[in-house]
Ligand code: UDX
């Protein structure tokens, strides 16, 4: 099929590259010339595991081309995927990029007599496609959605760091459509995927995306609240509690006498909070919208409240050893919001670094991918170490904030040898407390009696 992808940010580029590698002819459009140049030269403008190789292939085989000219991109397109940004601004999502794109597409539709399905892939609040987008498209084209052109909403469920696999081997494809013709056309995009395809109306598709992210965020905040409660009671380790909970067969079923550990279980673990470009923004956006509709979203509001304070729990643990942080040398391990990505958006490390700096500590950071550019997203400045041992060296305490596998090499011997005082705060509960001496290891969701 001929597919145009408008917006080559994270979602647009991954979708475009994956669809091209499935054999479709994809044209990616972006307003930014430098991004288009990079794509043309097979250089991914963002870091994502496996993307570079796939991009090289599809560009070489002429299955994917990039342009700044939206008119050219839509010339033969059967499906147009809109994947422009929908940032959260103030108290609602900012739809200005969607508006701009819909207006441009509307003008192209006006001059074209071909049928194409305009499909929203960006995350948008329920009702956006069947009111806002539809109205703009109809007004600027003078045509009618569902008659002259198709309209669909096809949310993405891509995890950063796993986006290629999530796209190529999806759990489900949700297609919200204004009519059957729009649905059938978008369905063809996924013809070669072995996956359940769900047909819904436009606003249900939008709601599925928000509900999925809200559920995962809720599980994390729930686990963090339980963890904080365990720590407050004392003598209960949330890891042991969650292990016991996970063994419920409804959470980890036994199939052919083998225990299955679903990926979902990692969200039912305590830590220093969620971040990234999706959970915080999406949950806040659905809360704001639901409130405007008069719905009670007190539980989701609490999910955000818990998450706002969760990163500070590592500081509470640190203060058990050092009530005053002034002039202490503290190392933070992990700056990205999660492993396998260079993304620092809403990373708990930002809050922790800012608080440590504010309290007068000298902070050094290390992350396998994020480097000195981290200083651009915090209020003050931290120093940067090139490897784990340099980070640990001569510190009064170290704090793990991202669950990078690389950090698993840290052990008692290493911290005894290198640190001023061997104190480790595990904000991800990724190390085994039994491998450390009492008084050296502190973790979220645990305090000894
Ligand atoms: C998420 C959804 O998983 C994806 O389906 C959706 O399309 C976009 O949002 P992403 O933000 O990339 O994807 O990351 P995810 O791996 O889900 O993690 C989100 C946040 O939760 C991160 O801050 C991560 O550290 C945190 N998290 C994740 C936990 O605290 N515990 C976990 O077990 C998993």
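The values are calculated or read from the model by the stated rules, or taken from the named source; none is laboratory data. Only a predicted model underlies this, so the values are computations on that prediction, with no experimental measurement involved. Because the Cβ atoms are built from the backbone with ideal geometry, glycine has one as well, and the counts that use them run over all protein chains shown.
Conditions (1) part of a helix (DSSP H, G or I); (2) modelled with pLDDT under 95; (3) in contact with a strand residue (DSSP E or B) (Cβ under 8 Å, 6 or more places away or on another chain), marked per residue:
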position	(1), (2), (3)
5	no, no, yes
15	yes, no, yes
28	no, no, yes
36	yes, no, yes
42	no, no, no
45	no, yes, no
Considering only segment 413-438, how many residues are closer than 16 Å to residue 235 by Cβ and either free of Cβ contacts under 8 Å to residues at least 24 places away in the same chain or not in a helix (DSSP H, G or I) (or both)? 2
Residues that are within 13 Å of the ligand (Cβ to nearest atom) and within 19 Å of the chain's Cα centre (by Cα): which helices (runs of 4 or more DSSP H) entirely in segment 279-347 hold 3 or more of them? 279-292, 298-309
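In contact (Cβ under 8 Å) with a residue 40 or more places away in the chain, under 17 Å from the mean Cα position of the chain (by Cα) and either within 20 Å of residue 12 (Cβ to Cβ) or within 16 Å of the ligand (Cβ to nearest atom) (or both): which single residue out of 223, 214 fits that description? Spell out the reasoning first.
Working: 223 fails: under 17 Å from the mean Cα position of the chain (by Cα).
Testing whether each residue is in contact (Cβ under 8 Å) with a residue 40 or more places away in the chain, under 17 Å from the mean Cα position of the chain (by Cα) and either within 20 Å of residue 12 (Cβ to Cβ) or within 16 Å of the ligand (Cβ to nearest atom) (or both) leaves just 214.
Yes/no per residue for (1) within 16 Å of the ligand (Cβ to nearest atom); (2) under 22 Å from residue 76 (Cα atoms):
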site: 112; (1), (2): no, yes
site: 132; (1), (2): no, no
site: 151; (1), (2): no, yes
site: 161; (1), (2): yes, no
site: 168; (1), (2): yes, no
site: 181; (1), (2): no, yes
site: 185; (1), (2): no, yes
site: 190; (1), (2): no, yes
Criterion first (in contact with a strand residue (DSSP E or B) (Cβ under 7 Å, 6 or more places away or on another chain), within 18 Å of residue 317 (Cα to Cα) and at pLDDT 95 or above) does residue 427 satisfy it? yes
Of these, 177, 231, 217, which one is in contact with a helix residue (DSSP H, G or I) (Cβ under 9 Å, 6 or more places away or on another chain) and over 18 Å from residue 273 (Cα atoms)? 177
Could you tell me which of the residues 328, 335 is buried (at least 20 other Cβ atoms within 10 Å of the Cβ), at negative phi and in contact with a helix residue (DSSP H, G or I) (Cβ under 6 Å, 6 or more places away or on another chain)? 335
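From 442, 407, which residue is in contact with a strand residue (DSSP E or B) (Cβ under 8 Å, 6 or more places away or on another chain), in contact (Cβ under 8 Å) with a residue 60 or more places away in the chain, assigned to a strand (DSSP E or B) and under 15 Å from residue 333 (Cβ atoms)? It would help to see each step written out before you state the result.
Working: 407 fails: assigned to a strand (DSSP E or B).
Being in contact with a strand residue (DSSP E or B) (Cβ under 8 Å, 6 or more places away or on another chain), in contact (Cβ under 8 Å) with a residue 60 or more places away in the chain, assigned to a strand (DSSP E or B) and under 15 Å from residue 333 (Cβ atoms) holds for just one of 442, 407, which is 442.
Only one residue in 189, 133 is under 19 Å from residue 86 (Cα atoms), modelled with pLDDT of 95 or more and surrounded by 23 or more Cβ atoms within 10 Å (Cβ to Cβ). Which one? Let's see the steps before the verdict.
On the way: 189 fails: under 19 Å from residue 86 (Cα atoms).
The conditions single out 133.
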Quick one: would you say residue 81 is touching a helix residue (DSSP H, G or I) at 6+ places or on another chain (Cβ under 8 Å) and assigned to a helix (DSSP H, G or I)? no
Counting only residues that are over 26 Å from residue 337 (Cβ atoms), give me the helices (runs of 4 or more DSSP H) lying completely in segment 138-254 with at least 3 of them. 180-189, 202-233
Over 27 Å from residue 88 (Cα atoms), away from the ligand (no atom under 13 Å from the Cβ), free of Cβ contacts under 8 Å to residues at least 24 places away in the same chain and loosely packed, with under 15 Cβ neighbours inside 10 Å - does that describe any residue in segment 262-276? no
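Could you pull out the residue among 19, 72 that is touching a residue at least 24 places away in the same chain (Cβ under 8 Å) and either surrounded by fewer than 20 Cβ atoms within 10 Å (Cβ to Cβ) or in a loop (DSSP other than H, G, I, E, B) (or both)? I'd like the intermediate steps shown before the answer.
On the way: 19 fails: either surrounded by fewer than 20 Cβ atoms within 10 Å (Cβ to Cβ) or in a loop (DSSP other than H, G, I, E, B) (or both).
Selected residue: 72, the only one of 19, 72 that is touching a residue at least 24 places away in the same chain (Cβ under 8 Å) and either surrounded by fewer than 20 Cβ atoms within 10 Å (Cβ to Cβ) or in a loop (DSSP other than H, G, I, E, B) (or both).
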